[in-house]
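A short write-up of the structure that comes next.
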Amino acid sequence: MTRQRIDPEWRAFERLVARIERDAASRDATVASPDRIRCRYSGRLREVDASLRTVDGKLTTIECRKRRARQDVTWIEQLATKKNSLGADHTIAVSASGFTPAARNIAAVHGIALKDLRQIEEADLNPNLNLDFVLFTHKSAALVGAELRFAASTPWTVPRPGEGDLQLDNDCDLLAPIFHHVEDGRRWSIDDLWRQLQDAVDPFSGLEKGAPPVIRSVCFPYPGTVEVDTPSGPRRLGDVVLSIALAITVEPVWKSDTAKIQYGEKYRQGLQRLEFESAHTCDPWRIALQLPSDAIDRQSMVVASDWPAQR
C-alpha cells in the first residue's frame, strides 16, 4: 500500500486555506502555497504561506496561523510591514483561533483582511452540501514473479511458466538498473519495464472494480543485445517474464469522515467546505464541495478536485 504523506498540522492548515482561496477565486487566478516573493527593499526572496495572483497583476499574500491563543496586534503589525515590503496589493491573515479586538482594529488600519477557519459539525452544514459519500478507485500492482531466460542459439519461443533460467527474488530491488544495452550503454530496471508496459497497453483493462487481484504475465524479448546483472555476473539476456497481481480497489469515504469547514471574515458571509479525502494515496486525492454558507441553492457551488500526477 502507498504510504500517505503526513504534513505537520500547521502545513496542512496552510494547504487547506490555499485550496479554499483557489476554489473561491476566479478561474484566471493562480494560487501557490508556499510562495517566495522578492522584497522591494532588500532584494531577497521572502516566503509567504500562500499567494494569489490575478491576470491583471494584482498580488494577494496569505498568511496562516494554527495556534491555541487568539492572534494579537504583534502578528498583524508584522504582516503590515511584510505587505509593504513585498508590494502586495492585499494581505489575508487566517487564524484557527480567532483574533483579539485590538488585532482587528490594527488590521482595519493597514487594510489586512482577517479570516477565521474552524471545523464545524455536520448539523451546521448548509443543507445543499448533501453529498453522502465519494467512491475513490485505486489501481494496484504487485510483482509476484520475475523470470529470466538467457540468450540461446535455438529459435526464440514464447516462454512457459517455470521455463526461465533464473527466478528473481520477490523482494528484489525493482529500481535497480540491472539491465543494460551492450551497444549504447543504456541501463534500466524492472520498474522501467512496468512503465514501458503502461505506455504500450492498459494492463488493468477488463478488470472488475472491487474484485480479487488477477495475475497477468508479460514477456519482454531481447535480440541478444542486452545483458542482465546476476549473482554470478553479467549474462546475455533472451527475455524477461513478469507476473503481476493487478486489482482495482474501491475506497468509500463517508460524509461523517470528511473535513467540514467554516471560513471567512467576521460579520460577513463566509464559505462552507465539505472535503472528501482518500487515505490510500501518497499525495491525497480529494473531492470538495464549497459554497457560501447562506446559499439557498447550488448555483454558487464549486466542485473541486485534487489529483496529484502519479503513474
> Please state the relative contact order of the chain as a whole percent: Cα pairs under 8 Å, 6+ residues apart?
Replying inline: 17 percent
>> Given the -39500 (n - 2.57) contribution per DSSP H run of 4+ residues, what per-residue ellipticity at 222 nm results for the chain, rounded to the nearest 500 deg cm²/dmol?
In response: -5000 deg cm²/dmol
>> Suppose we keep just the alpha-carbon trace of the stretch 136-251; what are its Rg and Dmax in angstrom?
In response: 15.3, 50
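After finding the eigenvalues of the alpha carbon gyration tensor for the stretch 49-110, what semi-axes result from the square roots of 5 times each, listed largest first in whole Å?
22, 13, 9
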> Of the cross-linked pairs Lys115/Lys255; Lys66/Lys260; Lys58/Lys260, which ones have a Cα-Cα span greater than 22 Å in the structure shown?
Replying inline: Lys115/Lys255; Lys58/Lys260
> Given the Cα-Cα distance of Ala141 and Glu183 and 0.36 nm per residue of separation, how much length would full extension add, in nm?
Replying inline: 11.9 nm
>> Need the list of aspartates and glutamates near Lys139 for cross-linking: C-alpha distance under 20 angstrom, and skip anything on the same chain fewer than eight residues off.
In response: Asp191, Asp192, Asp199, Asp202, Glu208, Glu251, Glu277, Asp283, Asp306
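Take the alpha carbon atoms of the chain, find their radius of gyration, then divide it by 2.2 N^0.38 Å using N residues; give the quotient.
Rounded to two decimals, the normalised Rg is 1.40.
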> Expressed as a rounded percentage, what relative contact order does the stretch 136-251 have, with Cα pairs under 8 Å and six or more residues apart?
Replying inline: 41 percent
> Separation between the Lys255 and Arg67 pseudo-spin-labels, each 7 Å from Cα along Cα→Cβ, expressed in nm?
Replying inline: 3.7 nm
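Read-outs throughout are calculated quantities, based only on the coordinates presented, and are distinct from any laboratory measurement. Quantities reported herein were computed from a predicted structural model and do not represent experimental measurements. Cβ atoms come from the backbone with ideal geometry, glycine included; neighbour counts cover every protein chain shown.
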